[in-house]
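Undergrad: Below is a structure I'd like to ask you about.
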Amino acid sequence: MPIDYSKWKDIEISDDEDDTHPNIDTPSLFRWRHQARVERMGEFEKKKSETKECLEKSQRELAGLKKKLQAADEESEKKKLEADIAKMEKQFSEWKTKESELEKQEKLAPWNVDTICREGFSKTTVNKMPEKKTELSEDERLERSQKFMDKYKKDIEKFGFYHNWDDSKEYLLKNTHLACEDTANYLTYWCVNLQMEEKNSLMKQVAHQTIVMQYILELSKTMEVPPIACVPSFFTKIKTCDAKYMEGFNQELNAFIDRIERRAKEKTDKLMAEIEEEERQKRLGPGGLDPAEVYEELPKELQHCFDSKDIG
């Protein structure tokens, strides 16, 4: 089924009444990237499967030709079979080379939440995902999310300040209730506000922790276990990964920061426009004219008279 990516084009977070409420089930910022990754991985797996089938077919045909060669009596038949064998050996070698190239590509592929749960995670003992509860209405989700953020605001912000992997891991394991979508939503909302306050360095720090939480949530969905069950495995993997894996994490972080900066600028520009319009409305005189605009349209001589208060 085709996915409509347009609704994830921007981070839709706001703190004013005209926009969508900031806490309304904010979509994961990785969701569209995740779909694209799944499609690329599917294509790669298909290519691997086709290569393997062709390699096995070539191997079977090569073995069959060699048996025929051993049983052949006539010289002309032997020469034909030897030519066919040489051709098939070349074909087999080409498929073998392609298989090796695909294996190399797989090893060098950047780490993401779909591959993190393969090796290194296979022996982790985790709890089963609890059965889904009755679907809440939008208002009920909103109310529940707001209550959670009001109650645990300080706990979430403390997590946002952590720099060290081990500290982040220990804090989440001690505060298991924070491993959830509401925490990621609050951190995202906080990032936008920090950027609007021109606290760029602090915003980037909180953005880092937001991505950590998003990775844990996506891993939870992939493995179909509660988010808290993925915390130890995630931090073990992130601490021991190589440069390529870490590059994938940093790419996600940088893309998230870019979105935050754009969204904060849009909100700031909108807020400034509203303030300017409000000031303009206050200045309006008889007939709905703005004195400032009228002044700008006057000839320079009359402007000088107004400035010097000389009407003579």
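Undergrad: Considering each of Trp165, Trp190 in turn, give the residue that is more than 23 Å from Leu271 (Cβ to Cβ), open to solvent by less than 60 Å² (accessible area, probe 1.4 Å), touching a residue at least 12 places away in the same chain (Cβ under 8 Å) and not hydroxyl-bearing (Ser, Thr, Tyr).
TA: Every option except Trp165 fails the conditions.
Undergrad: I need a count of the residues in region 261-278 that are surrounded by 13 or more Cβ atoms within 10 Å (Cβ to Cβ) and within 10 Å of Gln195 (Cα to Cα).
TA: 5
Undergrad: Same structure again: Residues that are of a type in the set (Lys, Arg) and at pLDDT below 70: does region 247-261 have at least one?
TA: No; the residues of region 247-261 include none that is of a type in the set (Lys, Arg) and at pLDDT below 70.
Undergrad: Scan (1) modelled with pLDDT of 90 or more; (2) more than 29 Å from Lys244 (Cα to Cα) for the single condition Arg141 breaks and write down its number.
TA: Of (1) modelled with pLDDT of 90 or more; (2) more than 29 Å from Lys244 (Cα to Cα), only one is false for Arg141: (1).
Undergrad: Against the condition open to solvent by 70 Å² or more (accessible area, probe 1.4 Å), without any contact (Cβ under 8 Å) to a residue 24 or more places away in the chain and either within 15 Å of Leu253 (Cα to Cα) or in a loop (DSSP other than H, G, I, E, B) (or both), how does Glu170 come out, does it pass?
TA: no
Undergrad: Any idea which of Lys68, Lys90 is out of contact with any strand residue (DSSP E or B) (no Cβ under 8 Å at 6 or more places or on another chain), farther than 30 Å from Ser220 by Cα and either open to solvent by less than 80 Å² (accessible area, probe 1.4 Å) or modelled with pLDDT of 85 or more (or both)?
TA: Going through Lys68, Lys90 in turn, just one is out of contact with any strand residue (DSSP E or B) (no Cβ under 8 Å at 6 or more places or on another chain), farther than 30 Å from Ser220 by Cα and either open to solvent by less than 80 Å² (accessible area, probe 1.4 Å) or modelled with pLDDT of 85 or more (or both): Lys90.
Undergrad: Let me ask something else. Where the second residue is in a helix (DSSP H, G or I) and not hydrophobic (A, V, I, L, M, F, W, C) and the first is closer than 29 Å to Lys98 by Cβ and without any contact (Cβ under 8 Å) to a residue 24 or more places away in the chain and lies in region 55-75, which pairs have Cβ atoms under 7 Å and are six or more apart or on separate chains?
TA: Leu65/Asp84; Leu69/Lys78; Leu69/Glu82
Undergrad: Give the residue that is modelled with the lowest pLDDT, with candidates limited to residues of region 212-236 that are within 19 Å of Asn164 (Cα to Cα) and surrounded by fewer than 19 Cβ atoms within 10 Å (Cβ to Cβ).
TA: Restricting to residues being within 19 Å of Asn164 (Cα to Cα) and surrounded by fewer than 19 Cβ atoms within 10 Å (Cβ to Cβ), the top hit is Thr236.
Undergrad: Of the residues in region 237-260, how many are in a loop (DSSP other than H, G, I, E, B) and loosely packed, with under 14 Cβ neighbours inside 10 Å?
TA: Result for region 237-260: 1.
The values are calculated or read from the model by the stated rules, or taken from the named source; none is laboratory data. In this text, all values refer to a predicted model and were calculated from it rather than measured experimentally. All Cβ positions, glycine included, derive from the backbone under ideal geometry; neighbour counts span all protein chains shown. These accessible areas exclude ligands, DNA and RNA; they are computed on the full protein's heavy atoms, side chains included. Shrake-Rupley method; radii C 1.70, N 1.55, O 1.52, S 1.80 Å.
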